[in-house]
Structure formats: structure tokens, C-alpha cells
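Chemist: Encoded as C-alpha cells, here's the structure I'll be asking about.
The values are calculated or read from the model by the stated rules, or taken from the named source; none is laboratory data. As the structure is a computational prediction, the values presented were derived from the model and not from experiment. Glycine also receives a Cβ, built like all others from the backbone with ideal geometry; neighbour counts cover every protein chain displayed.
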Amino acid sequence: MRNPVILALSVAAVLSIILPLSFPHITRTLIIYHLILHGAGVAISASLSVVSIVGYKRVRKTKVLFMTLGFVTLFVSEILYFIDSTELSPPLEIPGLHMEMSHVIAFCMLVLFGAGALRVEKKREDISK
């Protein structure tokens, strides 16, 4: 499957879920722009996650696995930011620390991207030499 098709399908799937959640806030100008921003983040991170999962299935390298997990955590983080923006639920916090889960997940995403970017793949030596 080609990347533009994956992008179109994932954006359509995400929009079909996000738009009904956004309708109650359509008249609130300040909130709607916030929802558009996070809705776009969910759509883009969903398509990047799907593309990276397909890429990992092809190459099966640790470096790509870390990057794939980074995109998936970005997707989860954007979903939490979107839910927080819609005010459907109170912000998910870690009790006692007063840290929002979306920030913790975003930190994990940065760690995974860093591990993927800094990971050095060892080359296999040619046995015939």
C-alpha cells in the first residue's frame, strides 16, 4: 500500500471519530482552534504510526522499532491532548505527583525517538572473507 493511501485512510478514520466529539464546541472560537490543532496531530500521528509499523515489518531492525514505538506514543499522547481539549474528562494525572499523563507519554516518545536516532546498527561481517 502506498503512503498517500495510508495517509488518506488514517485521516478519514480519525476524522470520523474526532468530528462528532468536536461538534459541541463549534461555537466556542478559542476551543475550536485548539481542537483543530490536536485533531490534526492525531490524524498525522496515526498515519505516521501506520507507515512506521509497515516499515518495521519490512526491515525488522531495532532502530526502526524504536522509531515506530515513538510514533505510536506520539499518537497516544495526541489522543490524550485531544480528549483534554474537549473537556470530556478531567486531565489524567499521576496521583501525588500532579503530572499529566500526556506529558509523561510525550517524554517517553522523546526517549524512544532519541534511542532510535542514536542507535547504531552493527554490520554483519561477510563470512566468505
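Chemist: One residue is enough: does the range 42-51 have a residue meeting the conditions farther than 28 Å from Ile6 by Cβ and either in a helix (DSSP H, G or I) or not β-branched (Val, Ile, Thr) (or both)?
Modeler: no
Chemist: Is there a residue being modelled with pLDDT under 90, surrounded by fewer than 18 Cβ atoms within 10 Å (Cβ to Cβ) and in a loop (DSSP other than H, G, I, E, B) anywhere in the range 2-25?
Modeler: Among the residues of the range 2-25, at least one is modelled with pLDDT under 90, surrounded by fewer than 18 Cβ atoms within 10 Å (Cβ to Cβ) and in a loop (DSSP other than H, G, I, E, B), which makes the answer yes.
Chemist: Just to be sure, is Leu69 surrounded by 14 or more Cβ atoms within 10 Å (Cβ to Cβ), in contact with a Cys (Cβ under 9 Å, 6 or more places away or on another chain), assigned to a helix (DSSP H, G or I) and at pLDDT 90 or above?
Modeler: It is true that Leu69 is surrounded by 14 or more Cβ atoms within 10 Å (Cβ to Cβ), in contact with a Cys (Cβ under 9 Å, 6 or more places away or on another chain), assigned to a helix (DSSP H, G or I) and at pLDDT 90 or above.
Chemist: Being β-branched (Val, Ile, Thr) and in contact with a helix residue (DSSP H, G or I) (Cβ under 6 Å, 6 or more places away or on another chain) is the filter here; which residues of the range 54-73 pass it?
Modeler: Matches in the range 54-73: Val64, Thr68, Val72, Thr73.
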